[in-house]
Every structure is written in C-alpha cells, then in structure tokens.
Amino acid sequence: MELPKILIVDDDPELRRGLNLRLRANHYDTAYATDGVSAMAMAQKEKPDLIILDIGLPAGDGYVVLDRLQENASLSCIPVIVLTARDPQYNRERILKAGATAFFQKPADNFELLGAIRSVLNPRWPGTGMPQPS
Amino acid sequence: MMDRNTTGHVLLIEDNPGDADLIRLRLVEASSDLEVSCVNRLSSGIESLAQKTPSVVLLDLNLPDSHGADTYRSLLKKAPTVPIVVLSGLEDELLATKAVHQGVQDYLVKGKFDSKQLARAIHYAIERQALLISLDMSRKQQLQFKDEFLSHVSHELRTPLTSIHQFVTILLDGLAGNIPAEQREHLGTVLGSTNQLLAMIDDLLEATRAESGKLRVELRCISIGDTVIQAVTMLRAAANEKQIRLEMTVDNGLPLVSADPERVLQILLNLIDNSLKFTPAGGSVAVNACLSPQDPTYVCISVTDTGRGVSPESKHLIFERLYQDPNSSSNSRKGLGLGLYIVQELVRLHGGRIWVESQPGHGSVFSFTLPLFSLSKLLAPIVNSQGKWPDPLVLITIEGTPRLQPGLPRRANLRLQCMDILRSCVSPDKDIVLPALTGEDGSEIFMVVATADERATDILLKRITGQFQRSAELQSRIEIRVSAHHLRPPQPNSDVPALAQLEQQLAEVINRVSIPVRGQQPSSPNSEFDLILSKLADAPVRNSN
C-alpha cells in the first residue's frame, strides 16, 4: 500500500532533516521545498496528501503560498498545516483565515503534531494512524 | 505673551448671563483675535465640542443640566483631550484638587482673576494638556515597540531552540538508534531546560501584552471542577517526582463560571507549579474550589502549600513584575519572575481578584475568584427600565459538529474562529453573543440573542450560514446547522420580571435544541447545557432592577 505523502516546505535545512526523520519513522513518505516558488512546483509535481508549511520563506512567504494553493483548483483541496516560529497572537487567525487547516508554533509537540496529521489525513478514522480502508 | 498665546477658540459653558458677559470681557481684554462661543447647558457644550474642537473649555460647574464634579467628569469622558479650566463661584480647595487629579487643567474662582491671569491660566492649561497627550502617545509607542521587538526576538530565539528540541526528542524517542539509560537521563535534562527557555520566552511576551492591554480572554461558560482536575492531572507526575502530595477538593454542585478555560488552566498550572517549587519533599499542595464565602456570586479557587511561605513584606511585591524571592535557593528561581504577574493580570481580565495569605515557615495560600456564569447579567442590557425589550428578539443557535478527533489542541482555535465569524456577522451594540457551549456529544453550540423582525432574521441567518460556508477550511472541520427561534415579548402583567421571563424562554429553547442532538436523557447533568438548565431551574426569581 502506498504511504501518504507529506510535502515539507521550510528554508531551514535542519528543520527539514529532523521533520523528515520523524515523519518517515511514522510511516509517511516525504518531499521537500525550500521557498515559495519551489513549494508550488513541488505541490504540482508530487500532489502530496498534506503540506507542512513554514511562513518565513524566501521567494514568496507562506501567506503567498497559501493564497496560490487556494487559487489553484487542483491544489486547493490539499490540507495545509502551518508550522512556524512566528507569534500566534499575530498570525494564528490570519493563517487559519488564509485556508490552513491547523497552526502549530515551533517547536511543536511531536505527539500533537502527529495527531493532527493523522486526523487531517484520515478524518473518518481519527487517531488510529492507519490508512483508510478503501 | 497674551497676543501670541491666547489666539484660538474658547468654548465657554456658563448659564449665568452676567458671569458669561464678564468672562467674555476679560477674554477680549486679554486678546483681540480670540474666538469665543458661549453656551448655557452642558448638553449644548458637548454638542458644540462634537462639531468643532476648541483650544480650551471654560466650564462652570453648576449648570441647569449638571452639577458639581459630575459636570467636568461628563465633559472629560466626551472630550478627554481638550483642556478644561473650571470657573467656579465656590472657593473649595478640596474640590479643586480633586478636579485637577481627575484631569481638569485648572480651577479658577469667579471674580478672583483679572484678564491677565485668565489668559495665563488658559495658556498653561493648553500647554500642559499638549504635554500630557504627547507623553501618553510616547508611552503607547514605547509599549508598541516593546511588543513588536519581543515578538521578533522570540521568533529568532525559537528557531535554534526548535532545532535543539527536534533533535533531542529524536534521540530520546530512539529514532536514531537505542541509547543507554545514563545518556537518556542527560538528554531528559536538556529537554527540560529547552522547555524552560521556551516558557520564559512565552512569559516575556505575555507580560508585555498584559502591560499594553493586549491579553485576550475568551469567556465561556465552564465547570471549574473540570479545569482543576485537568491542571492537577497535568502536574501529578511533577509532584510525585518531588514526593509532594497533590490533592484537590471541588465542592459538589458548584455553579458554572464565566471564564476562558485555557486561561484558567494557565492560571492554575502557574499557581500549582509555583507551590510545588517552594514546597519541600514530604509536603503537600492542595487545590480547593468552593463558592466564595465573601461573595456568593463568585467561585473561589485556592492553592494551599506547606512550603516556606511568604514574608509579610513580600506579600505586596509578589505579584509585581520580575519579583524574585531573595531568600529562595537558585534551584527554585527557574523563571523570570513574571508568572504571578501574568496570573494576576489574567484573573483581573476575568473580573476576579487574587491574593496570598501566609504564615512564614508554615506555607502559603494563593486564592483567586472567578465570577459565576449568569444569563441574567448577560441579558440585562436588553431589558429596559420599563421591564420590556423594545424590539422583537430571536435566539439564533449555531450547532457545529466537529469532523475531527476531539481533544486536539486545534479545538480551541476552532472555537475562537467560529466566535470570530459569528461576531463579524452580528451588530455589537444590539445583539448579544452568548458564551459557546460544548454539548455532551462533543458538538459546539454558539448562540446569539439578536434584535430582529422576520425579514431581518432571514438576512441574519443567511449571513451567518454564508460566512461559515465561505471558509473552506472551517467547512472541512465542522458541520454546522443554523436555526432561529423567536422569543415572545414579555407578558406585561406577570409576577415574573421581564428578565426572568426572557431567561426562561431561552432555557426552553436551549433545552429543545440541545437534547435531540444525541438523544441523551436530559436528566444526566453532564453537558454544560444541562448544567445551565439545572442552575436556571434552581435559581430564585430575580428582580429586574
């Protein structure tokens, strides 16, 4: 069975490396993008099941990426979890309004982040971490 | 001096024509190019202010529509930036001092000043007021700068901390291979310190926000017992590790409180953690919640410890920013000294108060109060003094069934988002948004008491539904059902006051809405709804005054 694919968009190589390790250990396939432009290209190419998006990015920040994803008919249905070090007080509402499914401030609690990923990917089978039976 | 400084517009509020003429004469003597307008009532003065802002107001205190200190207070409320010089017939040093303390720029006694003195008083009043305004502005700018600066710094600090957190947890979880027990212990220490640093950054931000009035509290109708249990459960392990007994007692049948559950949890965690910090091994920390003995419209929550206690001289300082107990061991001083300050501000925002009692050497008791949830308090503004509500009322309920696993941290965001959408749809001065409730089945229920006729109700329903549907993201997270229930106008000759009639009707509708949701028996008082209903049923009939 094919593993769910998660696109990690972050300009920090350490974060990408760490998150990649964590996600693969939890049986997810991963892909990367390091800026706003390549995020869109990778989303088109990989058609991920979920995008984990940073906000402070070169070449079009996370807000721009969120807008472009929403405008694109074939990408607007991909759920986005925003993972950023930015202040929730000034960003949470704006991020959720821009179409993100969830907001986590870095560093996110691993248990909570994985729980959110599971429930976004398998809304009808929450918390099991198992792929949805077809 | 006079020619240069007294040019401008003077608004004279004076009802005695003789006095008014005399003051006008003095003003003309003082400066030729002074524009003077004179009105004889406070209300006309306030109207005139709204049309054109004068350089200064000369104010008589005894007017046909206002007397004494109330006169300048009303004016200060309407125009806080315009300098006011009181002209009084009364030489009352006490009143004069009080007036100046409350924001008036000068107090002159009629017949005791010549034109030169009047001109000087006006001139300095204007200068002082300008200085005050600029001081206030620079204070606000400084707070704003501090807030932005800290927000930026916290972002920059978080990035390397995230990296540490990420890789330490990767090691601890064995994702990079097995690790020996001793190394695991050391890594645990690293993780603990990382979390402490993160908590300090959050405290810094929160404290700055408290200062600039930006802390947000989203009041709901909650059971305090649940929050106490949650807090105690979260700190149980820490207490066991320090060999401290952690106990709790929550009085049976405690009414619901009006509070932000996340904030109350934050308050409790902070207080309990603080007590654990200063209590030696073998000691105990007890959390108690009961109806406040001083004022039964509040719940009182206290955290009692058997620690070192607080010295009498520290009692007043303990809630100050950056306060650290000078006698504490370095081990106990693991924060910035902002925790209790933030707690105090949060309690204040809820409308409660916080204090500490202590016998040094025997421990301390930190107590705070939270107001009980009261439908009648919320609804009171709708009912006018004649015991009527002037317009037809409708209760709009929005039932939301989350499509997600309950208990995720996102749940709080979801509620906030729904409340924000709801608030954007209704009129803030006419409609009352009730605190959101969580049903037994985990559904979220939002309610608005809106002023509307049939047609406007339709429009409002469409607007709310539309706003919820517009957010594709909300659509994916919550399924909503919007409905309206018309409320009957109060029965004029009833023994039951209008407010109580309104409450009863709301309770009936809420009852109808909430029970069919999951077919639960109304007798099981688990949901917040049923609890409200039972409280309503118990509540004595209130007077509508």
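Of all residues in segment A:42-77, those satisfying the criterion of being within 11 Å of chain B (Cβ to nearest Cβ), surrounded by fewer than 19 Cβ atoms within 10 Å (Cβ to Cβ) and without any contact (Cβ under 8 Å) to a residue 40 or more places away in the chain are A:Gln70, A:Ser76, A:Cys77.
The numbered conditions (1) at the interface with another protein chain (Cβ under 9 Å from one of its Cβ atoms); (2) part of a helix (DSSP H, G or I); (3) not polar (S, T, N, Q) are all true for A:Ile117 except (1). Restricting the first member to segment B:98-125 and to residues that are assigned to a helix (DSSP H, G or I), and the second to residues that are charged (D, E, K, R) and at pLDDT 90 or above, the beta-carbon pairs closer than 6 Å and six or more apart or on different chains are B:Ala121/B:Asp106; B:Ala125/B:Asp106. In this structure, B:Ser151 does not satisfy being hydroxyl-bearing (Ser, Thr, Tyr) and more than 13 Å from chain A (Cβ to nearest Cβ).
Here is a check on your reading of the model: is B:Arg455 within 29 Å of the chain's Cα centre (by Cα), at pLDDT below 80 and charged (D, E, K, R)? Criteria not met by B:Arg455.
Return yes when A:Arg16 is over 23 Å from A:Gly115 (Cβ atoms) and either more than 10 Å from chain B (Cβ to nearest Cβ) or of a type in the set (Phe, Trp, Tyr) (or both) and no when it is not.
Criteria not met by A:Arg16.
May I ask you to verify whether B:Arg158 is charged (D, E, K, R), within 11 Å of chain A (Cβ to nearest Cβ) and closer than 30 Å to B:His350 by Cβ? So B:Arg158 fits the description; yes. Among the residues of segment B:128-163, those that are within 19 Å of A:Leu15 (Cα to Cα), without any contact (Cβ under 8 Å) to a residue 24 or more places away in the chain and among the polar types (S, T, N, Q) comprise B:Thr159, B:Thr162, B:Ser163. Among the candidates A:Asp67, A:Asp29, A:Asp49, the residue that is of a type outside the set (Ser, Thr, Tyr) and within 30 Å of B:Leu150 (Cβ to Cβ) is uniquely A:Asp67. Scanning segment B:161-205 for residues that are within 29 Å of B:Leu322 (Cβ to Cβ), β-branched (Val, Ile, Thr) and within 7 Å of chain A (Cβ to nearest Cβ) gives a single hit, B:Thr162. Only a single criterion out of (1) free of Cβ contacts under 8 Å to residues at least 12 places away in the same chain; (2) at positive phi is not satisfied by B:Pro293, namely (2).
Would you confirm whether or not segment B:214-235 contains a residue that is within 17 Å of A:Gln89 (Cα to Cα), touching a residue at least 24 places away in the same chain (Cβ under 8 Å), among the charged types (D, E, K, R) and surrounded by fewer than 18 Cβ atoms within 10 Å (Cβ to Cβ)? The answer is yes; a qualifying residue exists.
For segment B:346-389, filtering for residues that are buried (at least 18 other Cβ atoms within 10 Å of the Cβ), among the hydroxyl-bearing types (Ser, Thr, Tyr) and in a loop (DSSP other than H, G, I, E, B) leaves 1. Among the residues of segment B:10-48, what is the count of those that are under 21 Å from B:His123 (Cβ atoms) and not in a helix (DSSP H, G or I)? Result for segment B:10-48: 13.
Taking the condition aliphatic (A, V, I, L, M), crowded, with 20+ Cβ neighbours inside 10 Å and touching a Phe, Trp or Tyr at 6+ places or on another chain (Cβ under 8 Å), does B:Ala207 pass? The answer is yes for B:Ala207.
Taking B:Glu320, is it among the charged types (D, E, K, R) and more than 16 Å from B:Ile229 (Cα to Cα)? Outline the logic, then answer.
Numbers: among the charged types (D, E, K, R): yes; more than 16 Å from B:Ile229 (Cα to Cα): yes.
Considered against the rule, which asks whether it is among the charged types (D, E, K, R) and more than 16 Å from B:Ile229 (Cα to Cα), B:Glu320 comes out as yes.
Here A:Asp10 clears all of (1) closer than 21 Å to B:His165 by Cα; (2) surrounded by fewer than 18 Cβ atoms within 10 Å (Cβ to Cβ) except the condition numbered (2). When the criteria are applied in full, B:Gly307 meets the requirement of being over 24 Å from B:Gly351 (Cα atoms), crowded, with 22+ Cβ neighbours inside 10 Å, in the same structural domain as B:Ile354 (by TED's automatic domain parsing) and in contact (Cβ under 8 Å) with a residue 12 or more places away in the chain. Can you tell me which residue in segment A:86-100 is farthest from the other protein chains (Cβ to nearest Cβ), limited to those that are surrounded by fewer than 23 Cβ atoms within 10 Å (Cβ to Cβ) and without any contact (Cβ under 8 Å) to a residue 24 or more places away in the chain? Only one residue fits best here, namely A:Pro88.
Against the list (1) modelled with pLDDT under 80; (2) touching an Asp or Glu at 6+ places or on another chain (Cβ under 6 Å); (3) more than 14 Å from every other protein chain (Cβ to nearest Cβ), the condition B:Gly400 fails is (1).
The values are calculated or read from the model by the stated rules, or taken from the named source; none is laboratory data. Predicted model, so just to flag it, every value in this text is computed and none were measured. Cβ sites come from the backbone with ideal geometry, for glycine too, and all protein chains shown count toward neighbours.
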